[in-house]
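Student: Take a look at the following structure, please.
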Amino acid sequence: MAKPTRRGFLVGLAVGSASLACGGMAAAVEAGGEAVGSAQNELGMLYDATRCVGCKACMAACKRVNGDYGSLAFERAAFDPDGLWDAPQDLSGSTRTLIKLFKQSDREWSYVKYSCMHCRKPSCVSVCPVSAMTRDPRTGVVDYNKDTCIGCRYCQVACAFNIPRFQWDSATPQIVKCDLCVHTNLAKKGVTACAEACPAGAILFGKRAKLLVEARRRLAEKPGFYLDHVYGEHEVGGTNHLYLSALPFNRLGLPQLPESPPAEFSEKIQHTIYKGFVAPVALYGALCWLALRNLKKQPHDDGSHTDDDKKEGSHES
Amino acid sequence: MSHDDFQRHEAGIFTPAFFILLLLTLIGFFLVGLRFVKGIGAVSNMSDGYPWGIWITYDVATGTAIACGGYAMAILVYIRNQMHYHPMIRSAVLTSLFGYGLAGFSVMVDVGRPWNAYNFFIPSKWQVNSAMFEVALCVMAYTTVLLIEFLPAILTRLEEADSRSLQRLAERLHRKAGVDQDRLMTRIEWARAGAAWLRPRLDKVLIFIIVLGITLPTMHQSSLGSLLLIASTKLHPLWHTGFLPLLFLINCIYIGYSICILESVLSSYAFKRPFETKELAGLAAIIPWVTAIWLSVVVGDLLWRGQLGKVFAFDFYAGFFLLEIGLVGCGSFILFSAKNRRSVRWLFVSAALIVIGGALYRFNVYLIGFNPGEGWRYFPSLAEFMVTIGIIAFEILCYKVLVKILPVLPRLHGRDHTAPAVPVAPPLPQSN
Ligand code: SF4
Ligand code: SF4
């Protein structure tokens, strides 16, 4: 596998037989490959719910790799006083990614993996008052910086996917969300820990443009097998984390969302009001002028007011 | 106190009410302490789905609106040139100062990493797309402005206080707290000289500060509405609209006037002073017009967005929407009648209805109409309530103590039927 081809890499993952390290290397080549324009180079993942076997290897890998970074901890289940298992119920202040099983009937069920969608127009970045949430324009990775975050939780209010989580039980709480392993696995091995660990090839890591091509290929290959929709292609302006599924996405807890990013709507209004700070300055100027004019009209007798100015005032009311 | 027309409220500080308020304050502050040791989750029911609870909804979003009395009065006095409302401003500014100060305190309790707040002053970290950034800076600036607006009152007091009463104060402090009397007196002399130097200079620029005090709330009160613009997928369509900033702005103005009426009636009642009926009636005449504008924007916007049908769904959300509209509408309707405006009782009832309705609007936007998706639920925990109650108790406590220490309330004699007393910012820039 000295010079792995793209197809070879994909097949390798699909069969789930390629060794993890090789997969990582292959993905690294993908990540650093030819530049086709910035949007083309954005990194992301394609999660195929029909391939996921629910082994949660990705969850374990995520905590193993990112444990210190973001202080992820194990979560105990009520039945497990000895803490033998990590049993998170949901994304949380110590869980960045989570596998859930949705059962529609005995025949129809699907696993689903939650983690940050890495929106192309992320609400969380748009609202963070101190730029603790940032989006790398080159890679498209939405990252969090605990050293600037004030913990206002506006990002949580804003995110349509309810992804950012807060460490409610900590005296020094952080926001926890997937950062595509930019400081850990991605930096070291060029692939996210979850994609690297997945034995079923359900998580494909790579450039968004190529992931989209692959997603469409799968849809075309097995017509009727999948729902004919790549979740994340257009949702809230597009996300770099894409989903394929056979069951309706909103059943899997992925909300039905409009194509226009909420951040665009709010920023448009905010910008209209505060464009170049002209309006506030104009308002201040106008008010000053009015107030000064009013003061000049006042009869001055040591600041106290007589019946005269009472009458004057009542003219206007 | 010489010609200063304000007076201290002569009464003992340690009343039973004082101890009740003190107890509530202590409980609240104990829980705040717990929060800093054990994390926010230990005292509150907030969750990742409802990351903002009543601390933000009440203490910040609603509390600052209730503290808008100073803002609303300043518009009236300085912009609409109705100087005869001047005497109502000093207590309005004082309560605004408390309201905003404690909102700031609540924010520090609510945010998870307050030690990082210095980033607000680092330009490279500024994030001008964020309504929160705008709110934070404006609120900090406005609190400073309120302090400066209140300063002349303190300076005048310092400057003109006759040394006998100061002597007495020093003696008291000496006896009670063991403060060195002579040192204290020289310090006070210094402060007095400083005040005498500062006050005329401050008077010259004060009007510009006051106008800043009108501009800033205009900005951040509308931005408090903008905060929820981003939640287009979570906030119920009855409330989510591009007009949120405008609606919040108008909302804080009518809440501001109504709260002035409530405060005035309540403090007249509590401190056994005559009611300022004449001024109140004048204020009350303004309110229904403001609320009428607000209601037309609400309804017009629903029509325009084609969401009016949601009102007649008569579900949970429609119920709260109708309640909010009903409260504000009823209160305003009462005030349209000039006869009602002269009755203290009707004034009080209608102002209360409007404040509650206006506050409910903010609750609807921040909490009740906010739905992050299936499986999330929020109702504040007892401890969470107690923190908020503790903060409110602290606010009332300070007000009650302060009016007994500083001359805040208008002097009684001589103001019974003629012109009211001296304005809060007494001699305004007369030289220019
Ligand atoms: S999914 Fe949420 S947290 Fe992730 S980038 Fe989008 S808005 Fe931000
Ligand atoms: S909680 Fe932190 S990351 Fe989230 S918006 Fe607030 S400051 Fe930004």
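Student: Go through the stretch B:263-358 and tell me which helices (runs of 4 or more DSSP H), entirely inside it, have 3 or more residues that are more than 30 Å from B:Thr241 (Cα to Cα).
Tutor: Numbers: elements: B:277-305, B:316-335, B:338-341.
Result: B:277-305, B:338-341.
Student: Using the structure shown, decide if B:Leu229 is open to solvent by less than 10 Å² (accessible area, probe 1.4 Å), within 14 Å of chain A (Cβ to nearest Cβ) and either touching a residue at least 40 places away in the same chain (Cβ under 8 Å) or basic (Lys, Arg) (or both). Before the answer, list the steps.
Tutor: Values: open to solvent by less than 10 Å² (accessible area, probe 1.4 Å): yes; within 14 Å of chain A (Cβ to nearest Cβ): yes; either touching a residue at least 40 places away in the same chain (Cβ under 8 Å) or basic (Lys, Arg) (or both): yes.
Yes.
Student: If you don't mind, another one. Going through the stretch A:122-138 one residue at a time, which ones are in contact with a helix residue (DSSP H, G or I) (Cβ under 9 Å, 6 or more places away or on another chain), in contact (Cβ under 8 Å) with a residue 24 or more places away in the chain and more than 9 Å from ligand 2 (Cβ to nearest atom)?
Tutor: A:Pro122, A:Ser123, A:Ser126, A:Pro137, A:Arg138
Student: A further question follows. Can you tell which of A:Val53, A:Val36 is assigned to a loop (DSSP other than H, G, I, E, B), more than 14 Å from chain B (Cβ to nearest Cβ), open to solvent by 50 Å² or more (accessible area, probe 1.4 Å) and at pLDDT 75 or above? Spell out the reasoning first.
Tutor: Details: A:Val36 fails: at pLDDT 75 or above.
Going through A:Val53, A:Val36 in turn, the sole match is A:Val53.
Student: Output the residue which, of all residues in the stretch A:249-260 that are more than 10 Å from chain B (Cβ to nearest Cβ) and open to solvent by 50 Å² or more (accessible area, probe 1.4 Å), is farthest from the chain's Cα centre (by Cα).
Tutor: Of the residues in the stretch A:249-260, the ones more than 10 Å from chain B (Cβ to nearest Cβ) are A:249, A:251-252, A:254, A:259.
With open to solvent by 50 Å² or more (accessible area, probe 1.4 Å) added as a condition, the list becomes A:251, A:259.
Details: A:Arg251: 20, A:Glu259: 16 Å.
Top of the filtered list is A:Arg251.
Student: Considering each of B:Ala74, B:Ala92, B:Ala61 in turn, give the residue that is touching a residue at least 60 places away in the same chain (Cβ under 8 Å), assigned to a helix (DSSP H, G or I) and within 22 Å of B:Phe379 (Cα to Cα).
Tutor: Details: B:Ala74 fails: within 22 Å of B:Phe379 (Cα to Cα); B:Ala92 fails: within 22 Å of B:Phe379 (Cα to Cα).
Matching residue, one of B:Ala74, B:Ala92, B:Ala61: B:Ala61.
Student: Could you tell me whether any residue of the stretch A:139-158 is more than 16 Å from ligand 2 (Cβ to nearest atom) and either at the interface with chain B (Cβ under 10 Å from one of its Cβ atoms) or open to solvent by 10 Å² or more (accessible area, probe 1.4 Å) (or both)?
Tutor: Start the filter on the stretch A:139-158 by keeping residues that are more than 16 Å from ligand 2 (Cβ to nearest atom), which leaves A:139-140.
Subsequent filtering for residues that are either at the interface with chain B (Cβ under 10 Å from one of its Cβ atoms) or open to solvent by 10 Å² or more (accessible area, probe 1.4 Å) (or both) retains A:139.
Yes, because at least one residue in the stretch A:139-158 is more than 16 Å from ligand 2 (Cβ to nearest atom) and either at the interface with chain B (Cβ under 10 Å from one of its Cβ atoms) or open to solvent by 10 Å² or more (accessible area, probe 1.4 Å) (or both).
Student: Scan the stretch A:162-181 and tell me whether some residue there is away from ligand 1 (no atom under 13 Å from the Cβ), out of contact with any Gly (no Cβ under 8 Å at 6 or more places or on another chain) and under 24 Å from A:Ile269 (Cα atoms).
Tutor: Within the stretch A:162-181, not a single residue is away from ligand 1 (no atom under 13 Å from the Cβ), out of contact with any Gly (no Cβ under 8 Å at 6 or more places or on another chain) and under 24 Å from A:Ile269 (Cα atoms).
Student: Also, quick follow-up: Go through the stretch A:62-93 and count every residue that is open to solvent by less than 20 Å² (accessible area, probe 1.4 Å), closer than 19 Å to A:Cys181 by Cβ, part of a loop (DSSP other than H, G, I, E, B) and without any contact (Cβ under 8 Å) to a residue 40 or more places away in the chain.
Tutor: 2
Student: Suppose we filter the stretch B:361-414 for residues that are more than 30 Å from A:Asn250 (Cβ to Cβ) and either modelled with pLDDT of 80 or more or of a type in the set (Phe, Trp, Tyr) (or both); how many remain? Even if it seems obvious, please write down each step before you answer.
Tutor: First, pick out the residues of the stretch B:361-414 that are more than 30 Å from A:Asn250 (Cβ to Cβ): B:361-362, B:381-414.
Next, only the ones that are either modelled with pLDDT of 80 or more or of a type in the set (Phe, Trp, Tyr) (or both) stay: B:361-362, B:381-401.
Matching residues across the stretch B:361-414 total 23.
Student: How many of the residues in the stretch B:7-55 are more than 9 Å from chain A (Cβ to nearest Cβ), of a type outside the set (A, V, I, L, M, F, W, C), closer than 29 Å to B:Asn364 by Cα and assigned to a helix (DSSP H, G or I)?
Tutor: Of the residues in that region, 2 qualify.
Student: Within the stretch B:51-82, which residues are small (Gly, Ala, Ser), closer than 29 Å to B:Asn371 by Cβ and within 13 Å of the chain's Cα centre (by Cα)? So that I can check it myself, show each step before the final result.
Tutor: Filtering the stretch B:51-82 for residues small (Gly, Ala, Ser) gives B:53, B:61, B:63, B:65, B:67, B:69-70, B:72, B:74.
So of that shortlist, the ones also closer than 29 Å to B:Asn371 by Cβ come out as B:53, B:61, B:63, B:65, B:67.
B:Ala61, B:Gly63, B:Ala65, B:Ala67, listed by residue number.
Yes/no matrix, rows are residues, columns are (1) free of Cβ contacts under 8 Å to residues at least 40 places away in the same chain; (2) in contact with a helix residue (DSSP H, G or I) (Cβ under 9 Å, 6 or more places away or on another chain); (3) buried (at least 19 other Cβ atoms within 10 Å of the Cβ):
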site: B:Ala318; (1), (2), (3): no, yes, no
site: B:Leu322; (1), (2), (3): yes, yes, no
site: B:Arg341; (1), (2), (3): no, yes, yes
site: B:Leu347; (1), (2), (3): no, yes, yes
site: B:Ile356; (1), (2), (3): yes, yes, no
site: B:Leu367; (1), (2), (3): no, yes, yes
site: B:Gly375; (1), (2), (3): no, no, no
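Student: Evaluate the stretch B:95-116: report whether one residue or more is modelled with pLDDT under 85 and within 14 Å of another protein chain (Cβ to nearest Cβ).
Tutor: no
Student: Give the stretch A:175-196 a look and list any residue that's over 15 Å from A:Cys116 (Cα atoms) and open to solvent by less than 20 Å² (accessible area, probe 1.4 Å), or say none.
Tutor: Residues of the stretch A:175-196 over 15 Å from A:Cys116 (Cα atoms): A:183-191, A:196.
If the condition is that a residue be over 15 Å from A:Cys116 (Cα atoms) and open to solvent by less than 20 Å² (accessible area, probe 1.4 Å), then A:Thr184, A:Asn185, A:Gly190, A:Val191 are the ones that fit.
Student: Within the stretch B:272-287, how many residues turn out to be among the small types (Gly, Ala, Ser) and more than 10 Å from every other protein chain (Cβ to nearest Cβ)?
Tutor: Taking the stretch B:272-287 as the starting set, the residues that turn out to be among the small types (Gly, Ala, Ser) are B:281-282, B:284-285.
This time we only want the ones that are more than 10 Å from every other protein chain (Cβ to nearest Cβ), so: B:281, B:284.
Final tally of qualifying residues: 2.
Student: Now for a different question. Output yes when any residue across the stretch A:203-217 is more than 11 Å from ligand 1 (Cβ to nearest atom) and either assigned to a loop (DSSP other than H, G, I, E, B) or within 14 Å of chain B (Cβ to nearest Cβ) (or both), and no when none is. It would help to see each step written out before you state the result.
Tutor: Residues of the stretch A:203-217 more than 11 Å from ligand 1 (Cβ to nearest atom): A:203-217.
Right, trim to either assigned to a loop (DSSP other than H, G, I, E, B) or within 14 Å of chain B (Cβ to nearest Cβ) (or both) and you get none.
The answer is no; no qualifying residue exists.
Student: Residues in the stretch A:261-298 that are under 30 Å from A:Tyr226 (Cβ atoms) and at the interface with another protein chain (Cβ under 9 Å from one of its Cβ atoms): how many?
Tutor: We begin by selecting, within the stretch A:261-298, every residue under 30 Å from A:Tyr226 (Cβ atoms); these are A:261-264.
Adding the requirement that they be at the interface with another protein chain (Cβ under 9 Å from one of its Cβ atoms) leaves A:262-263.
Going through the stretch A:261-298 one residue at a time, the tally reaches 2.
Student: How many of the residues making up the stretch A:99-136 are within 14 Å of ligand 1 (Cβ to nearest atom) and either within 13 Å of another protein chain (Cβ to nearest Cβ) or outside any strand (DSSP E or B) (or both)?
Tutor: Initial filter on the stretch A:99-136 (within 14 Å of ligand 1 (Cβ to nearest atom)): A:113-128, A:131-136.
Those still in the list that are either within 13 Å of another protein chain (Cβ to nearest Cβ) or outside any strand (DSSP E or B) (or both) too: A:114-128, A:131-136.
Final tally of qualifying residues: 21.
Student: May I ask you to list the residues in the stretch B:88-111 that are more than 16 Å from ligand 2 (Cβ to nearest atom) and of a type outside the set (Gly, Ala, Ser)?
Tutor: B:Met88, B:Ile89, B:Arg90, B:Val93, B:Leu94, B:Thr95, B:Leu97, B:Phe98, B:Tyr100, B:Leu102, B:Phe105
Student: (1) surrounded by fewer than 20 Cβ atoms within 10 Å (Cβ to Cβ); (2) more than 14 Å from every other protein chain (Cβ to nearest Cβ); (3) not charged (D, E, K, R): which one isn't true of A:Thr172, the others all being true?
Tutor: The failed condition is (2).
Student: Any idea which of (1) more than 19 Å from A:Pro280 (Cα to Cα); (2) within 16 Å of ligand 1 (Cβ to nearest atom); (3) among the small types (Gly, Ala, Ser) is the one B:Ser96 doesn't satisfy?
Tutor: Of the numbered conditions (1) more than 19 Å from A:Pro280 (Cα to Cα); (2) within 16 Å of ligand 1 (Cβ to nearest atom); (3) among the small types (Gly, Ala, Ser), the odd one out for B:Ser96 is (2).
The values are calculated or read from the model by the stated rules, or taken from the named source; none is laboratory data. Values in this document were obtained by computation on a predicted structure and should not be read as measured data. For neighbour counting, all protein chains shown are included, and Cβ atoms are generated from backbone atoms with ideal geometry for every residue, glycine included. For the accessible areas, the whole protein counts, side chains as well, though only heavy atoms, and no ligand, DNA or RNA atoms are used. Shrake-Rupley method; radii C 1.70, N 1.55, O 1.52, S 1.80 Å.
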